[in-house]
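The structure appears right after this line, and notes come after that.
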Amino acid sequence: MAQLEGKTVVITGASSGIGAAISAQCLDAGAQVIGLCRRSDTLDSRVRGISCDLRDQASIDDAMAQIESASARVDVWVNNAGVAKLSKITDGALEDWDTMWSVNVRALAYCSQAALKFLSPESGQIINVSSMSGHRVPPTGGFYAPTKFAVRGITDALRSELRAAGSRIRVASVSPGFVDTPLLDEYFQGREEQLAEAKASMQMLGAEDVANCVLHIINSPMHVDIGDIQLRSSDQKA
Ligand SMILES: NC(=O)c1ccc[n+]([C@@H]2O[C@H](COP(=O)([O-])OP(=O)(O)OC[C@H]3O[C@@H](n4cnc5c(N)ncnc54)[C@H](OP(=O)(O)O)[C@@H]3O)[C@@H](O)[C@H]2O)c1
C-alpha cells in the first residue's frame, strides 16, 4: 500500500513551485490532495482545487467551507503559499509589505487556526514552508525576511499552545535557501543579472528537494516531532 493511502493533505499554493512538487509527491504516495490557490484551474487533474485568494478573508472562509463539505477529516495541512518581493525597510512600498504580510503571515496563522477543526488531535500535522530568511536576514531581505521570522514564531507558538491544551498535533516547518521556482523571478524583478549570477554560482535546490523534506516530516512516526528542517544548496554561501 502506498504510504499516504487514505490520507487527505491540504496544500496552499499548490499551483506552482514547491507547492506543486509537494502535491505531486503526496499524490504519488496515494494521498488525496486538496489545493488552495488563485489559479486552481491549472492544478493537476488529480488535485481537488479550491480557488482562494489568501489576501482576502471572505475568500479564505469560503475555501474552508468547501473543504468542510469535501472532506470531514484532513490529516496534513501544508501552509506553503508565499510571496517574495524585494521591498526594503528603507524605501519599500507599503503595498508590497501588505501583500507579503497578508499571505505569508496572517493567512498562514489564520489557516492554521481554521485547520484545527479538520485535524485529529491525536495524529494531525501542520507543516509551514518558511525560509532560511526566517533564520538570518540577508542584505536584500527587506520586509520578506521579517515575514519568515514571523512564520518561525507562529510555528513555535502554535506547537506550545497545542501541547498546553493536551493536543498531539505536530507542527513543523521547512526552511529552504534559494529554490529554483517562479518566485525568484518576482523577487529579482529588475535585477535579472543578479539572478543569473546566483544561478551560475550554485546548483540551486529544486522544488522536489523541499518536497522530499516535507514528505519526510509527514512520514515520520508519531513520537517524532520535527521542529524545523533547514536546507540550502551546498554551494550557497549564507
Ligand atoms: N523559491 C525560493 O527560493 C524559496 C526559498 C525559501 C522559501 N520559499 C517559500 O516557499 C513557498 C513557495 O514558494 P515557491 O518558491 O514555490 O513560489 P511560487 O512558485 O511563486 O509559488 C507560490 C504559490 O503561492 C501561491 N500564492 C501566492 N499568492 C497567493 C494568494 N494571494 N492567494 C493564494 N495563493 C497564493 C501561488 O498560487 P496562485 O498564484 O495560483 O494563487 C503559488 O502556488 C513560499 O512560502 C516561499 O516564501 C521559497
Quiz item: What do you reckon, how do F143, F149 stack up by accessible area (1.4 Å probe), largest on top?
Solution: F149, F143
Quiz item: What accessible surface, in Å², does a 1.4 Å probe find on K85, ignoring ligands, DNA and RNA and rounding to the nearest 10?
Solution: 40
Quiz item: Taking H as built 1.01 Å from N, whose amide H comes closer than 5 Å to the amide H of A31, not counting residues under 5 places away?
Solution: L4
Quiz item: With axes computed from alpha carbons, what is the tilt in degrees of helix 17-28 against the longest principal axis of the chain, rounded to the nearest 10 within 0 to 90?
Solution: 30
Quiz prompt | Net lengthening on full extension, S45/R168 (0.36 nm per residue, minus Cα-Cα) | solution = 41.0 nm
Quiz item: Each residue of segment 105-112 in order: what ³J(HN,Hα) in whole Hz does its phi give by Karplus 6.51 cos²θ - 1.76 cosθ + 1.60, θ = phi - 60°, with x for Gly and Pro?
Solution: 10, 4, 5, 4, 5, 5, 4, 4
Quiz item: Once amide H atoms are built 1.01 Å from N in the peptide plane, which residues 5 or more positions from L119, or in another chain, come under 5 Å H to H?
Solution: V74
Practice problem: Please calculate the 1.4 Å probe accessible area of E193, with all protein chains present, and give it to the nearest 10 Å². | Solution: 110
Self-check item: Cut-off under 5 Å, modelled amide H: who pairs with G177 long-range
Solution: M132, L231, R232, S233
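Where the only charges are on Cβ atoms (+1 Lys, Arg; -1 Asp, Glu), what is the dipole of the chain about its Cα centre, to the nearest 20 debye?
My answer is approximately 580 debye.
Rank these by accessible area, largest first, 1.4 Å probe: L183, L54.
Details: L183 60, L54 25 Å².
The residues order as L183, L54, largest area first.
If Lys and Arg each add +1 and Asp and Glu each add -1, what is the summed charge of the other residues whose beta carbon sits under 12 Å from the beta carbon of V105?
Taking every Cβ under 12 Å from that of V105, the sum is +3.
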Practice problem: Write down the Kirkwood hydrodynamic radius of segment 9-75, to one decimal in angstroms, obtained as one divided by the mean of 1/r over all alpha carbon pairs. | Solution: 11.8
Quiz item: Can you list the lysines whose alpha carbon is less than 27 Å from that of K199, not counting same-chain residues fewer than 8 positions off?
Solution: K85, K88, K148, K237
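Subtracting the Cα-Cα distance from 0.36 nm times the residue separation, let me have the gained length for N219 to A200 in nm, one decimal.
Numbers: separation 19, 0.36 × 19 = 6.84 nm, distance 3.42 nm.
Length gained between N219 and A200: 3.4 nm.
Please calculate how many Å² of accessible area the chain carries per residue, with a 1.4 Å probe and no DNA, RNA or ligand atoms counted.
Numbers: 10920 Å² over 238 residues.
Result: 46 Å² of accessible area for each residue.
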Practice problem: With r as the distance between the Cβ atoms of E161 and E5 and R0 = 22 Å, compute the FRET efficiency 1/(1 + (r/R0)^6) and round to 0.05. | Solution: 0.10
Quiz item: Round to a whole number: what % of the accessible area of the chain belongs to carbon and sulfur, probe 1.4 Å?
Solution: 50
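The values are calculated or read from the model by the stated rules, or taken from the named source; none is laboratory data. Remember, it's a predicted structure, so these values are computed and weren't measured experimentally. Every residue, glycine as well, gets a Cβ built from its backbone with ideal geometry; the counts of neighbours run over all protein chains shown. Each accessible area value is taken on the protein alone, full model and side chains, heavy atoms only, with ligands, DNA and RNA left out. Shrake-Rupley method; radii C 1.70, N 1.55, O 1.52, S 1.80 Å.
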